[in-house]
Amino acid sequence: VSIVTSQVSGQGFFQQEVEGAGTGIVISEDGYILTNKHVISEARSVQVVMSDGTRHSDVTVVGSDPLNDIAFLKIKNVSDLKVATLGDSGAMRVGQDVIAIGNSLGQYQNTVTSGIVSGLGRPVTAASSELNSRVESLTDLLQTDAAINPGNSGGPLINSAGQVVGINTAIAADAQGIGFAIPINAAKGMIRGVIANGKVEKAYLGVQYVAITPDVRTQYKLSVDQGALVRSGSGSAVESNGPADKAGIKDGDIITKVNEKSVGNQGGLGSLVAEFMPGEKVTLTIIRDGKEQQKTLTLGAYKSQS
């Protein structure tokens with residue numbers, strides 16, 4: 001679907017109402033829509049335009065991810081919408097074919113572009129006019145050379161089976177053919193929660209960590225080349241009395257798996273945890289003092305510090 005927003009720009013006598021544009025993904029028959037947070041940030045009103053041109057004005061913002069560029073809308077009083085099929089972003093590999101769909105430039109609805117997955121696990125620092133120049137640091141993104149333009153934000157990146165594997169979110173403005181999408185697995189827990197109870201809740205472990213790269217492995221003389229090193233720049237990396245603390249996770253542990261999914265190969269730690277809802281149990285495989293062990297914990301609900 002296409003998303004059209006209205007917001008106020010400027011101050012005092014110089015205020016004017018401007019229109020913004022983005023894209024969304026239908027995730028439930030009764031009107032829940034997944035999009036980017038920056039698409040609806042500061043919006044005074046939101047409209048959703050279906051692929052056949054039907055326009056819905058009775059739209060509410062349900063909420064947004066406190067740590068990622070993800071938000072949810074709800075079209076009121078609708079039913080029988082066609083729901084997108086979600087794929088497994090953790091199974092994507094470099095070179096696979098993908099398709100991006102969106103409302104390009106806010107003028108060309110239902111635009112389709114194609115390309116390949118160019119990279120996995122990319123970190124990006126993103127800013128946009130919709131964010132009023134505020135900067136967001138995003139991690140674990142899919143990189144693609146499928147053309148992504150302003151207005152495509154929040155739209156689906158689709159694999160060759162027609163399944164949504166990413167949420168188009170950013171481009172490298174000074175490059176050609178470098179776009180980024182949030183892996184769909186990073187939204188699955190919140191999607192299930194929104195559909196079940198109408199609330200946006202994010203699961204969390206309660207640890208700070210460093211993704212293991214070749215440089216990190218060398219710096220800390222680690223025995224593995226993938227995973228998440230529980231480490232903080234200052235103080236303990238494990239939140240006192242948090243889910244990880246209660247399960248016995250300690251500073252210096254290396255988390256290599258969430259349930260049976262490998263950290264790194266099948267997604268970053270944050271994305272793997274985000275597949276679950278608060279209150280669900282997961283088993284972490286960790287390495288401590290060179291030995292592998294498992295810890296089972298109950299995920300908590302992230303509470304914003306703002």
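The values are calculated or read from the model by the stated rules, or taken from the named source; none is laboratory data. These figures come from a predicted structure and were not determined experimentally. Cβ sites come from the backbone with ideal geometry, for glycine too, and all protein chains shown count toward neighbours. Calculation scope for accessible area: heavy atoms of the full protein, side chains included, ligands and nucleic acids excluded. Shrake-Rupley method; radii C 1.70, N 1.55, O 1.52, S 1.80 Å.
Computed values, structure above
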{"read-out": "Mean ellipticity per residue at 222 nm, deg cm²/dmol - from DSSP H runs of n ≥ 4 across the chain, formula -39500 (n - 2.57)", "value": "-2500 deg cm²/dmol"}
{"read-out": "Size of charge dipole - region 183-306 - debye, nearest 20, with Cβ of Lys, Arg +1 and Asp, Glu -1, no other charges", "value": "180"}
{"read-out": "Å² of accessible area per residue within region 149-306, as computed with a 1.4 Å probe and no ligands counted", "value": "48"}
{"read-out": "Portion, in percent, of the accessible area of region 40-83 that falls on carbon or sulfur, probe 1.4 Å", "value": "40"}
{"read-out": "Anisotropy class of region 53-119 from Cα gyration tensor, a/c 1.5 cut", "value": "prolate"}
{"read-out": "Relative contact order (%) - the chain, alpha-carbon pairs under 8 angstrom, separation at least six", "value": "14"}
{"read-out": "Rg ratio (alpha-carbon, reference 2.2 N^0.38 Å) - the chain", "value": "1.02"}
{"read-out": "Å² per residue, accessible surface of region 15-111 at 1.4 Å", "value": "48"}
{"read-out": "Whole-Å semi-axes of the ellipsoid equivalent to region 198-306 (Cα gyration tensor, √5λ, descending)", "value": "22, 15, 13"}
{"read-out": "Percentage relative contact order, region 188-306, counting C-alpha pairs under 8 Å, at least six apart", "value": "30"}
{"read-out": "Partner lysines for Lys37 [C-alpha distance under 27 Å; skip if fewer than 8 residues away on the same chain]", "value": "Lys74, Lys76, Lys82, Lys188, Lys199, Lys202, Lys303"}
{"read-out": "Taking region 1-121 and dividing mean pair separation by its residue count, relative contact order in percent (alpha carbons under 8 Å, at least six apart)", "value": "25"}
{"read-out": "Highest-MSF residue in the chain out of Leu73, Leu105, Leu222 [GNM, Cα springs under 10 Å]", "value": "Leu222"}
{"read-out": "The chain: most fluctuating residue of Asn168, Asn241, Asn149 per GNM, C-alpha cutoff 10 Å", "value": "Asn241"}
{"read-out": "Computed magnitude of the charge dipole of the chain (debye, nearest 20; Cβ of K, R +1, Cβ of D, E -1)", "value": "680"}
